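Worksheet: the structure to be examined is printed underneath.
The values are calculated or read from the model by the stated rules, or taken from the named source; none is laboratory data. Model, not experiment: these values are computed from the prediction. With ideal geometry, Cβ positions are generated from the backbone for all residues, glycine too; neighbour counts draw on all protein chains shown.
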Amino acid sequence: MAEAFGVAAGAFSVIALLEQIIKSIEKLRSLRRFIKTIPHELQGLIDDIELVQGVLKTTTPDMLQVADIPSIERRLNTFQTDLETLISNIQKYQQSATGRRMGAIKLFIKKEEILAQRRNLENIRNTLGSLQWTYCCITLRELGPIIRTQKLHGGKGDTDPCEEPAENRQISSRHKSKNAESQVIKKNSWELRFRTPLFVIDKIWSLQAKRCYAGWTFNIRTHNVVPDDAPILDACWNGDIEEMQRLFSAGLASVYDCDDGGWGLLHRAAFRHHLKTCQFLLENGADPDHVNSYNHRPINNLNHRAPDLIERIPLAIELYRLLMNASVDSVDPVEDLGIQYHEYWFHGFRGPPEVLVIMQQYTFADYASLPLQTRFNRTMALNSFCATPSTVEISMGGSIEPNSYRLEDEFGRTLLHKLAECMGSDMSSERKDATHKWRPLLRDAIAASADPNKMAAIDDYVLTPLDSFYKYFVWNWKAIRRARYDFNPALRIWAFELKSAGVDLEVYGAKESAFVEGFWLSYRIYVGPLRYWSTGIGYKEEDFFLFSFWKLTYGPEPEDWTIWVINPIDELVGEFWEMIEREEEVMPGTWVD
């Protein structure tokens, strides 16, 4: 009780001191208008003093319970003393101007006084750092109750989390992850990321909370925000290790520097596939688990451009292995890259098959003996733009069991939907073996009684394997542009592959035609100026047109298949010719030369 009373009393004494400081700052602000020209250092001091007032006004006794009150009080006393000294100096010059006509005076300070003001400025900056820590503590205190009331399984609303299937609970010890204990901690952990206001100090804070047997533990990481044109960012982007060493040695940069979006040095080096730069940064203390504003770690940035490493497998293996082994928080690298369905260009594993094998070995002692549903879910989360038949088979445990084609994910999608996505993506990239390499898996799926008309629902959007095929075929708009926005060649290739796999096209077409007429499939396609980047990300909204399917005709042969499309480009062309063919209008009383 006495200790609590002492803390409360200390907090109120600090609040009283804060009130004095706020009044002093108000007095300083009122005196500021008398100053016409002042030294640059003093100007910066006054600006810092006025900015910190906003922090002081938000401080309450309850907030101070998380701070080191004696330390804060000492710094604030120094702050108040410096303020009074500065105010006294300005008042001295103000009094000398009393009775004069001019409303402002020039302030001159001797060299010794300027040096003293510089020391005062350093004291103020130290106080800012202390106040920043107080601000962080306050934020953690407010977030604490929210974190403690979160559901461990991330359930929505007030519903209870679904019980784990009995099949998953029966995994024997030989199936469990090598890092089983760490996996439990990972499931019971959150990572929050916030940025301090610019008027304090420009930093990014990452808070990681883990639930252990004794309660919650918190881990805080701090990174410095630097301008986008900072030399250290350019040196890291270019892989210039000598320049980075020079900047570190001169104190001009740190391995904890990042840009406004949270992209750290290791993010850049991984994205650029600079192996030696990544090794250099990790040796100097770079954090392999730091996340940017998209919640991406350096390994995610490496994964973004992993398709560029398809011809450099040894480099890909070294880069992935380096970041996996350096990570402290990562338990399952594949899970870190995304194991939930997400229509995102960079979501899910995008690397070569050899790397996927290493990732599985990193986490599981015997991946192939995991429950079939678990392996199926991880396969469905592979990035469909970069997946290969080998990647799919490895993710399923080395081979695809016939029962796998009858499994469904949470949206009702089957493995046939995934194969259709991959085929559509390969065709949009105009790869030579776009359909040939998927043909064996497609035939296995049909032989295993996979339903080619199976409908899934994602956010009220219903799709069949054909719809999945088209969604990924039009994502790369260059292919459909070269086809003059004719969707029929791709449709007939799809029909040909199904017929080759043993599907009765008339029976299949009747169901698919009813689906098209019932749901009117639509695809948003970029039709604007040619660009190097062909996914339509970050382009103007007016450069996208909506193409809608309203009818599907079919027959026993692929050549009988036609998709009828409402083509917005044709509509514009019609308006153009209507204007061309319109008779020239002549005003009464005039003539045409």
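Would you say LEU546 is of a type outside the set (D, E, K, R), farther than 20 Å from ALA456 by Cβ and in contact with a helix residue (DSSP H, G or I) (Cβ under 9 Å, 6 or more places away or on another chain)? Spell out the reasoning first.
Values: of a type outside the set (D, E, K, R): yes; farther than 20 Å from ALA456 by Cβ: yes; in contact with a helix residue (DSSP H, G or I) (Cβ under 9 Å, 6 or more places away or on another chain): yes.
Spelling it out, LEU546 is indeed of a type outside the set (D, E, K, R), farther than 20 Å from ALA456 by Cβ and in contact with a helix residue (DSSP H, G or I) (Cβ under 9 Å, 6 or more places away or on another chain).
Filter the range 461-496 down to residues that are more than 17 Å from SER548 (Cβ to Cβ) and charged (D, E, K, R) and give me whichever is surrounded by the fewest Cβ atoms within 10 Å (Cβ to Cβ).
Among residues in the range 461-496 that are more than 17 Å from SER548 (Cβ to Cβ) and charged (D, E, K, R), the one surrounded by the fewest Cβ atoms within 10 Å (Cβ to Cβ) is ARG484.
Residue-by-condition table, conditions (1) buried (at least 20 other Cβ atoms within 10 Å of the Cβ); (2) closer than 20 Å to ALA235 by Cα; (3) under 13 Å from the mean Cα position of the chain (by Cα); (4) without any contact (Cβ under 8 Å) to a residue 40 or more places away in the chain:
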{"residue": "CYS278", "(1), (2), (3), (4)": "yes, yes, no, no"}
{"residue": "GLU283", "(1), (2), (3), (4)": "no, yes, no, yes"}
{"residue": "ASP289", "(1), (2), (3), (4)": "yes, no, no, no"}
{"residue": "ASN292", "(1), (2), (3), (4)": "yes, yes, yes, yes"}
{"residue": "ARG305", "(1), (2), (3), (4)": "no, yes, no, yes"}
{"residue": "LEU315", "(1), (2), (3), (4)": "no, no, no, no"}
{"residue": "SER330", "(1), (2), (3), (4)": "yes, no, no, no"}
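Test GLU421 against the criterion of being within 35 Å of the chain's Cα centre (by Cα) and either under 19 Å from LEU521 (Cα atoms) or not assigned by TED's automatic domain parsing to the domain that holds GLY518 (or both), and give yes or no. Steps first, please.
Working: within 35 Å of the chain's Cα centre (by Cα): yes; either under 19 Å from LEU521 (Cα atoms) or not assigned by TED's automatic domain parsing to the domain that holds GLY518 (or both): yes.
Answer is yes for this residue.
Among the numbered criteria (1) more than 20 Å from LYS418 (Cβ to Cβ); (2) of a type in the set (Asp, Glu); (3) buried (at least 17 other Cβ atoms within 10 Å of the Cβ), which one does GLU517 miss?
(3)
Of GLU410, GLU401, which residue is surrounded by fewer than 17 Cβ atoms within 10 Å (Cβ to Cβ) and either of a type in the set (Ser, Thr, Tyr) or within 30 Å of the chain's Cα centre (by Cα) (or both)? Outline the logic, then answer.
Numbers: GLU401 fails: either of a type in the set (Ser, Thr, Tyr) or within 30 Å of the chain's Cα centre (by Cα) (or both).
After applying the criteria, what remains is GLU410.
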